[in-house]
Amino acid sequence: RLVPAGAGMGLVLAFVIVMLARRQLALPAAIRAGLRRHQFHVAYQPIVDLGTGKWVGAEALVRWRRPGGPVISPDEFIPAAEQSGLIVRITDRVLELVMNEAGAFLASHPHFHIGVNLSSADFHTGDLIERLQAATGRASLPPGSLMAEVTERGLLDKDVAGPILSALRGQGFPIAIDDFGTGYSSLSYLESLPLNYLKIDRSFTEAIGTGAATSQVVPHIIRMATDLGLQMIAEGVENSVQRDFLLERGVQFAQGWLFGKPMPFPEFVAMMDEQAAAVRAAPTPS
Ligand code: C2E
Ligand code: MG
Ligand code: MG
Ligand code: MG
């Protein structure tokens, strides 16, 4: 043999490391180009009232499609966007798209809201409130139409996030704590924030009915949210066992594949109409 096996492995490893590093370096540049070339769009996932089956809102989820390529999931590029600060431009693009696509719909459906995901960097621009007001103001919407979704991670800097959230709440923007249970916020911290909704992370919904240790946490989260006076939205509801469990324990709202996957807005509206007709035909779902 010309090359001993160990050296071969080393080369393979070095190659993999170089490729990974290149990818990390290339990503911000590609995101920047993607923003310029309008490669980002938004998918809308229904948020439903578990008691009535009615669609009461949506979550705006960003998608990235490069020409000829597959749709890239946010989990693959949001971390790089957050590290590079580009997330702020993505947030602005999402706001712009939501207003263009759904602004008229929101104006004619006053109790409907669309959740937009905000990152920690969005709280550090100094003008988050103005950015959100500008978005809703352009389409002349009541601020209740746009819900701010923030994760525990996004709220780590309490001195920055606290006053901004209070101001947002004062302006009438509903606020949801997202992916709840995956972070480390203390009860007293949560209590100090002006929240409206608590979104139960999908990892907990997934565990319902499985007997997994995680499933034991769900009732605690529900009790805590109730104590804090927060309404709950369960994420990732995929089957009726999960839905019934949540409904029986007083969780009002949910989203997940059982009700609808994230989809383009025209499809969303068509499906919402069908859903409303079905609810009218069977006014008391069990
Ligand atoms: P998230 O805010 O917790 O969004 C919910 C995620 O769960 C979405 O993944 C959605 O497609 C997925 N999901 C919904 N229902 C189900 C279900 O029944 N089963 C399963 N297995 N999955 C379900 P997505 O769209 O890939 O987004 C992933 C994460 O990326 C989001 O988690 C959010 O943290 C982040 N993200 C998405 N869009 C944006 C954005 O515009 N800005 C920021 N900052 N973050 C975003
Ligand atoms: Mg979210
Ligand atoms: Mg979430
Ligand atoms: Mg989640």
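For this structure, a couple of remarks:
- Shape of region 160-286, Cα gyration tensor, a/c cut at 1.5: oblate
- Helical mean residue ellipticity (222 nm; -39500 (n - 2.57) per DSSP H run of 4+; nearest 500) of the chain: -15500 deg cm²/dmol
- Accessible area (Å², 1.4 Å probe, nearest 10) - Glu267: 100
- Helical segments meeting 27 Å axial Cα length and Kyte-Doolittle 0.0 threshold in the chain (DSSP H): 5-36, 87-108
- Mean Cβ count within 10 Å, highest first, over the residues of peptides 65-71, 148-154, 227-233: 148-154, 227-233, 65-71
- Full extension of the chain segment joining Arg223 with Ser186 gains 11.8 nm, where the gain is 0.36 nm per residue of separation less the Cα-Cα distance.
- Rg and Dmax, both from the Cα atoms of region 1-150 and both in Å, are 20.4, 74.
- In this structure, Glu130 and Val241 have a Cβ-Cβ separation that, at R0 = 51 Å, corresponds to a calculated FRET efficiency of about 0.70.
- Distance between the modelled labels on Ser140 and Ser166, one decimal in nanometres: 3.3 nm (7 Å Cα→Cβ projection).
- Protein accessible area in the chain, 1.4 Å probe - carbon and sulfur %: 57
- Those chymotrypsin sites (Phe, Trp or Tyr not before Pro) in region 182-251 that DSSP places in a loop and that have at most 13 other beta carbons within 10 Å: Tyr184
- In this structure region 62-200 gives 44 Å² per residue of accessible area when probed at 1.4 Å with all protein chains present.
- Inverse of mean 1/r across different Cα pairs in the chain, Kirkwood, Å: 20.5
- Cβ crowding within 10 Å averaged over residues, with 134-144, 251-261 ranked highest first: 251-261, 134-144
The values are calculated or read from the model by the stated rules, or taken from the named source; none is laboratory data. Just so it is clear, the model here is predicted, and its values are computed rather than measured. As a convention, Cβ positions derive from the backbone with ideal geometry for all residues, glycine included, and neighbour counts pool all protein chains shown. For the accessible areas, the whole protein counts, side chains as well, though only heavy atoms, and no ligand, DNA or RNA atoms are used. Shrake-Rupley method; radii C 1.70, N 1.55, O 1.52, S 1.80 Å.
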